[in-house]
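Q: Mind looking over this structure? Questions follow.
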Ligand code: CP3
């Protein structure tokens, strides 16, 4: 892994050309993904096939020669392992048949058995066996808050009203649930590392549901706890941790903490301003607006180069989008962006 530009950046070393990978780099925008996806009615069944996951993780690497690979799985495997009954059917988002709907549901929760997620750890091993030697593999989990929000809401939602009411009515039980999820995330990531991942990303995709003070109480507190558990364990202590917060109500400087290697910036953040504040302490990943990818090649090219120019003197810069690639994007557009980075 000595020659990995991605790992160099996470260690705050400079690279003449920034490393690049994308959130949701494997997914529905790729025809080769669709080709495999059509064989499964429930997306989760596909996630339970380690060899298929490895093949899917390799697709964007083979197509674009990216600098990091990400495990092909989903953040919702943990709630599924608590027997909340996850499925993903055509044209719907995730759905839980047995969501958390009362305080008693939390008290009655099954204990977490990391071995129930053995299919994920096998996928890590399979992916590592296919990847080029110097190409790192990113493991991941959802933040405890984001996992709790899906588990309570029972599905994706615009406003997560059920979750917000639950938070108001049962704050103590919610905190208990977040504790349980933090411990589960720790065991899950530890096992991913034992299976071969080289870095970890924590997705707090529903940070934007929380007010400034609630963000600390229900999300950051637990993400920090998770990171502390990782940093205190000899298996995971040296694995760099990347944090993605979607549109948080707090300033990025108020989100970072000791033990974090890198902040993955949402596209609404001002990368230049933040770079002055984080320089020499944290790597930065980001943060082109993914909607740029529906625009002209010229615009994609210039917006990509703008970010690269701003960050050219920043040791520890990793090019990424400010959120995931969406299914409507043409794969050729992604190639334009990569060419602009490497030009
Ligand atoms: O390259 C990769 O990033 C693939 C691995 C990956 C997936 N999901 C595969 C996936 C990763 C890292 C995730 C993370 C994930 N999953 C997040 C955090 C990132 C973010 O976008 O904020 C979240 C919130 C989820 C939950 C989730 N999974 C939803 C809401 C959905 C349905 C809507 C959607 O975006 O497709 C999924 C399904 C999912 N996860 C797909 C893929 C490729 C599409 C499934 C399909 O083909 O039907």
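Q: Could you identify the single residue in 309, 343 that is modelled with pLDDT under 95, farther than 25 Å from residue 138 by Cα and away from the ligand (no atom under 16 Å from the Cβ)? Don't jump to the end; show me each part of the working.
A: Working: 309 fails: modelled with pLDDT under 95.
None of the others qualify; the one that does is 343.
Q: Another question, then. Condition (residue is surrounded by 15 or more Cβ atoms within 10 Å (Cβ to Cβ) and within 16 Å of the ligand (Cβ to nearest atom)) applied to segment 163-174: is it met by at least one residue? So that I can check it myself, show each step before the final result.
A: The initial filter retains those residues of segment 163-174 that are surrounded by 15 or more Cβ atoms within 10 Å (Cβ to Cβ), namely 163-164, 166-167, 170, 173-174.
Keeping just the survivors that are within 16 Å of the ligand (Cβ to nearest atom) gives 163.
There is at least one residue in segment 163-174 that is surrounded by 15 or more Cβ atoms within 10 Å (Cβ to Cβ) and within 16 Å of the ligand (Cβ to nearest atom).
Q: Would you confirm whether any residue within segment 291-304 is over 26 Å from residue 14 (Cβ atoms), away from the ligand (no atom under 16 Å from the Cβ), in a loop (DSSP other than H, G, I, E, B) and modelled with pLDDT of 95 or more?
A: From segment 291-304, those over 26 Å from residue 14 (Cβ atoms) are 291, 293-299; that's our starting set.
Subset that is away from the ligand (no atom under 16 Å from the Cβ): 294-299.
Now drop any that are not in a loop (DSSP other than H, G, I, E, B), which leaves 295-296.
Adding the requirement that they be modelled with pLDDT of 95 or more leaves 295-296.
The answer is yes; a qualifying residue exists.
Q: How many of the residues making up segment 117-137 are part of a helix (DSSP H, G or I) and over 21 Å from the mean Cα position of the chain (by Cα)?
A: The initial filter retains those residues of segment 117-137 that are part of a helix (DSSP H, G or I), namely 117-130.
Adding the requirement that they be over 21 Å from the mean Cα position of the chain (by Cα) leaves 129-130.
Final tally of qualifying residues: 2.
Q: Restrict the check to segment 325-340 and report whether at least one residue is in a loop (DSSP other than H, G, I, E, B), away from the ligand (no atom under 14 Å from the Cβ) and under 17 Å from residue 63 (Cβ atoms). Before you say what the answer is, go through the steps one by one.
A: If we filter segment 325-340 for residues that are in a loop (DSSP other than H, G, I, E, B), which is where we start, we get 325-330.
Pick out the ones that are also away from the ligand (no atom under 14 Å from the Cβ) and you get 330.
Now drop any that are not under 17 Å from residue 63 (Cβ atoms), which leaves 330.
There is at least one residue in segment 325-340 that is in a loop (DSSP other than H, G, I, E, B), away from the ligand (no atom under 14 Å from the Cβ) and under 17 Å from residue 63 (Cβ atoms).
Q: When residues of segment 26-83 are filtered for being closer than 22 Å to residue 204 by Cα, more than 9 Å from the ligand (Cβ to nearest atom) and crowded, with 20+ Cβ neighbours inside 10 Å, how many remain?
A: Final tally of qualifying residues: 6.
Q: Further question on the same structure: Output the helices (runs of 4 or more DSSP H) that fall wholly within segment 1-107 and possess 2 or more residues being over 16 Å from residue 140 (Cα atoms), or say none.
A: Details: elements: 5-10, 31-37, 43-47, 50-64, 77-81, 103-107.
The qualifying helices (runs of 4 or more DSSP H) are 5-10, 31-37, 43-47, 50-64, 103-107.
Q: If you go through segment 204-215 one residue at a time, do you hit one that is within 16 Å of the ligand (Cβ to nearest atom), outside any helix (DSSP H, G or I) and under 26 Å from residue 280 (Cβ atoms)?
A: So far as segment 204-215 goes, yes, one or more of its residues are within 16 Å of the ligand (Cβ to nearest atom), outside any helix (DSSP H, G or I) and under 26 Å from residue 280 (Cβ atoms).
Q: State which residue pairs qualify: first residue touching a residue at least 40 places away in the same chain (Cβ under 8 Å) and inside segment 13-31, second residue within 6 Å of the ligand (Cβ to nearest atom) in any location, beta carbons under 6 Å apart, and separation of 6 or more residues or different chains.
A: Cβ pairs passing all conditions: 23/324; 24/324; 26/72.
The values are calculated or read from the model by the stated rules, or taken from the named source; none is laboratory data. Here the structure is a predicted model, which is why all the values come from computation and not from measurement. With ideal geometry, Cβ positions are generated from the backbone for all residues, glycine too; neighbour counts draw on all protein chains shown.
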